[in-house]
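A short write-up of the structure that comes next.
The values are calculated or read from the model by the stated rules, or taken from the named source; none is laboratory data. Predicted model, so just to flag it, every value in this text is computed and none were measured. Positions of Cβ are backbone-derived with ideal geometry, glycine not excepted, and every protein chain shown enters the neighbour counts.
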Amino acid sequence: MGGVGPGRGVVAVVGATGTGKSDLAIEIARAVGGEIVNTDSMQFYRGMDIGTAKLAPEERGGIPHHLLDVLEVTEEASVAAFQAEADAAVRQLLDRGKTPVLVGGSGLYVRAAVDELEFPPTDPQVRSRLEEEARRRGIGPLAERLAAVDPVSAGRLKDERRIIRALEVHEITGRTFESFMPQRRYLRPTVQLGLAMDRAELHARLELRIERMMREGLVEEARRLCGHGLREARTASRAIGYRQALEVIDGTMNEAEAAASTLTATRQFARRQETWFRADPRVIWLDATAPDLLEQALRAVADGLPHGDTLVP
């Protein structure tokens, strides 16, 4: 199969969980001389393997993977930190003449990796003062203050945490929170490939996946991670599957109930992922079950990135 020349840009494989993104990304990377960059926020965590459907090293087709297993479960995943790390990984790959193939369904992390995205700064002292004011006076006066300096955000934000965040940003920068909202502008030439499939088929796939996770020892994995701080972790402990596994460990669910709860949550998450990626008109949608899926994907890459040779089987 033909390849594309160096310096061509970035490929991102996106879509709902269970659609086969990881497998397609590996095939694309093999075909175009690329390496994988992970954009699944839960796959950043070391030891969270079964519940995130993380490919084992022997399942990665010999293709190097970047930004997997970079955090302990007690650490907080940060989109801003990821943005810098992803940019460094992409630059390094392009400098080596490799095609970065991003793969994952965490929408904001994908945007952080491929788009011009500016994150508003934070100041713990400012936020603490605003939180204390909200405790003393209620959120009403803060909402009124936000309406005076940032009426667009004030009309959109209703919960206390976000109102405080918008006021924090305005106090630090003098800019409205709305001014930091991202535009759809790529940092560099990029092709986003979205995988889609019939919902009933996706639900059947997800059911099989959850059954396999339980069979392979998701509860035991969670029990082991409790020794590394999973239960106290703010983000990792709430991950789909791990939250339910902790309830099994605590005796508030049995494994069958945990599997059913995990399946429901995963289906809901898949719908949210599809809604997020469908909102981006730049995504090229492909049928995940098409027999010529790889050929379609490679044609889209060749058509969408500069300096590419025609990719044909």
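In summary, Arg212 fulfils each of the numbered conditions (1) free of Cβ contacts under 8 Å to residues at least 40 places away in the same chain; (2) farther than 15 Å from Ala53 by Cβ; (3) not polar (S, T, N, Q) with the single exception of condition (2). Among the residues of the stretch 146-161, is any buried (at least 16 other Cβ atoms within 10 Å of the Cβ), farther than 28 Å from Glu75 by Cα and out of contact with any His (no Cβ under 8 Å at 6 or more places or on another chain)? Scanning the stretch 146-161 turns up at least one residue that is buried (at least 16 other Cβ atoms within 10 Å of the Cβ), farther than 28 Å from Glu75 by Cα and out of contact with any His (no Cβ under 8 Å at 6 or more places or on another chain). In the condition set (1) without any contact (Cβ under 8 Å) to a residue 24 or more places away in the chain; (2) part of a helix (DSSP H, G or I); (3) in contact with a helix residue (DSSP H, G or I) (Cβ under 9 Å, 6 or more places away or on another chain); (4) of a type outside the set (Phe, Trp, Tyr), Arg231 is compliant with all but (2).
The number of residues in the stretch 234-255 that are aliphatic (A, V, I, L, M), farther than 17 Å from Leu71 by Cβ and not in a helix (DSSP H, G or I) comes to 2. Counting the residues of the stretch 159-185 that are out of contact with any helix residue (DSSP H, G or I) (no Cβ under 6 Å at 6 or more places or on another chain) and aromatic (Phe, Trp, Tyr) gives 1. Taken as a whole, the structure leaves Ser41 outside the set of residues that are closer than 16 Å to Arg111 by Cα, assigned by TED's automatic domain parsing to the domain that holds Arg271 and free of Cβ contacts under 8 Å to residues at least 12 places away in the same chain. Listed by position, the strands (runs of 3 or more DSSP E) enclosed by the stretch 1-113 that each have at least 2 residues that are more than 21 Å from Gln273 (Cα to Cα) and modelled with pLDDT of 95 or more are 34-38, 99-103. The residue pairs whose first member lies in the stretch 64-85 and is closer than 23 Å to Arg231 by Cα and assigned by TED's automatic domain parsing to the domain that holds Asn38, whose second member is charged (D, E, K, R) and not in a loop (DSSP other than H, G, I, E, B), and whose beta carbons are closer than 8 Å, counting only pairs six or more residues apart or on different chains, are Val70/Glu85.
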